[in-house]
1. So is Arg152 over 16 Å from Asn213 (Cβ atoms), touching a Ser or Thr at 6+ places or on another chain (Cβ under 9 Å), of a type in the set (Lys, Arg) and not assigned by TED's automatic domain parsing to the domain that holds Ser108 or not?
2. Can you name every residue in the range 166-180 that is surrounded by 15 or more Cβ atoms within 10 Å (Cβ to Cβ) and either not assigned by TED's automatic domain parsing to the domain that holds Arg280 or not charged (D, E, K, R) (or both)?
3. Among all residue pairs at least 6 apart or on different chains, which show Cβ distances below 6 Å where the first residue, located in the range 204-225, is on the phi < 0 side of the Ramachandran plot and the second is part of a helix (DSSP H, G or I) and among the charged types (D, E, K, R)?
4. Out of the residues in the range 268-279 that are in a loop (DSSP other than H, G, I, E, B) and in contact with an Asp or Glu (Cβ under 9 Å, 6 or more places away or on another chain), which is nearest to Arg181 (Cα to Cα)?
5. Quick check on Ile255: is it crowded, with 16+ Cβ neighbours inside 10 Å, within 17 Å of the chain's Cα centre (by Cα) and among the β-branched types (Val, Ile, Thr)?
6. Within the range 268-308, take every residue that is under 20 Å from the mean Cα position of the chain (by Cα) and closer than 16 Å to Thr232 by Cα and give me the one that is surrounded by the fewest Cβ atoms within 10 Å (Cβ to Cβ).
7. Considering only residues of the range 156-165 that are free of Cβ contacts under 8 Å to residues at least 40 places away in the same chain, closer than 26 Å to Thr115 by Cβ and touching a Ser or Thr at 6+ places or on another chain (Cβ under 8 Å), which is surrounded by the fewest Cβ atoms within 10 Å (Cβ to Cβ)?
8. So which residues in the range 46-64 are among the hydrophobic types (A, V, I, L, M, F, W, C), within 29 Å of Asn208 (Cβ to Cβ) and not in a helix (DSSP H, G or I)?
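The values are calculated or read from the model by the stated rules, or taken from the named source; none is laboratory data. For clarity, every value in this text was computed on a predicted model and none was experimentally measured. Reconstructed Cβ throughout: ideal geometry from the backbone, glycine too, with neighbour counts over all protein chains shown.
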Amino acid sequence: MATCFGDSSSDISYYRRPSNTMSTSAAAEASAPTTSNETTPTPSPQLLEGLEHEIQAYAGIAGLRKAVNALSKKLYEGETTDQYPVFRPVTEDDLTKIEDQRHTIGRSIRLTHYTDIETLIVKVPSRLHETVTRTLTQRLTGRALQIGVPYRDFTNLGGSKYRGTSTSKEPNSCFKPGTIRDMEDDWPTFVLEIGLSESLRKLRNDANWWLSNSRGEVNIVLIIHINRGSRTILIEKWECAPATRIQLLTRIQQITIDPNDITGTTPTPLILHFHKIFLRQPIPPEQDRAFTAQDLRNWSNDVWAVLR
């Protein structure tokens, strides 16, 4: 099953299609119904687009630690917003050694490894990045408990590693219904990815990775793009929407929160559908999670207040 990745807003769309994939318009005209949720993961080299200039030679764990520490310092001091050093060649054996020594490199880093091209992307968090992750996950978990969802039904998996077709990846945070998906290697249903000013393309690639490599197991990817200079937060909700003959990896909502307004293609509320996260219909008082304009403004204010 071929994969389309994009939306209908041509000026801001991020569209990815293998050369043998139908266009969106051709798909809309196709008459045969789809019978599978499977998609074709984007090739690893394409997922590195925009990061080519970040590639450096891997010089062992000591060199990796030095590079991560230097970048982390720059991020915390506001000297850069570039979060993604890239190392090559990094083999599977190298990755195992890196994971064993992770506590000496940085506990909050996130790793994406492309086995087929022996390339490692390291996502280095900033204070802003960690603040956004923490405040949003707290709000999501708190709201789920408020409406009566059992704690185990909204299991926070943090940055657990998942293996795709030829890659492995760790999110900023992810969740699954622990009573339904009770196996350790079960995919999450909801994934959160957060990045700073320069990383919007990378975040959209992340959404692509989760939706396509999970073969329909991940239902929602929420990406949050932060621009500290303009004090704006961009939120995009991506899902794998069924279509005829193909699966469309589609941006369902886009919301921008700036100091004066909240705008977007469908600005508010930001809706996280209950059945897509918990894999069952809600039992009242359980319901879809709808973030109103005021909810989003309160969350945004909380984030920026920490950073004054």
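1. So Arg152 passes the test.
2. Thr167, Ser168, Pro171, Asn172, Ser173, Cys174, Phe175, Pro177, Gly178
3. Pairs found: Asn219/Lys276; Ile220/Lys276.
4. Taking the range 268-279 as the starting set, the residues that turn out to be in a loop (DSSP other than H, G, I, E, B) are 268-269, 273, 279.
Next, only the ones that are in contact with an Asp or Glu (Cβ under 9 Å, 6 or more places away or on another chain) stay: 268-269, 273.
Numbers: Thr268: 30, Pro269: 28, His273: 18 Å.
Per the stated criteria, the residue is His273.
5. When the stated conditions are applied, Ile255 passes them.
6. If we take residues in the range 268-308 being under 20 Å from the mean Cα position of the chain (by Cα) and closer than 16 Å to Thr232 by Cα, then Trp299 is surrounded by the fewest Cβ atoms within 10 Å (Cβ to Cβ).
7. Filtering first and then ranking leaves Gly158.
8. Within the range 46-64, the subset among the hydrophobic types (A, V, I, L, M, F, W, C) is 47-48, 51, 55, 57, 59, 61-62, 64.
Those left that are additionally within 29 Å of Asn208 (Cβ to Cβ): 47-48, 51, 55, 57, 64.
Within the range 46-64, Leu48, Leu51, Ile55, Ala57 meet the criteria.
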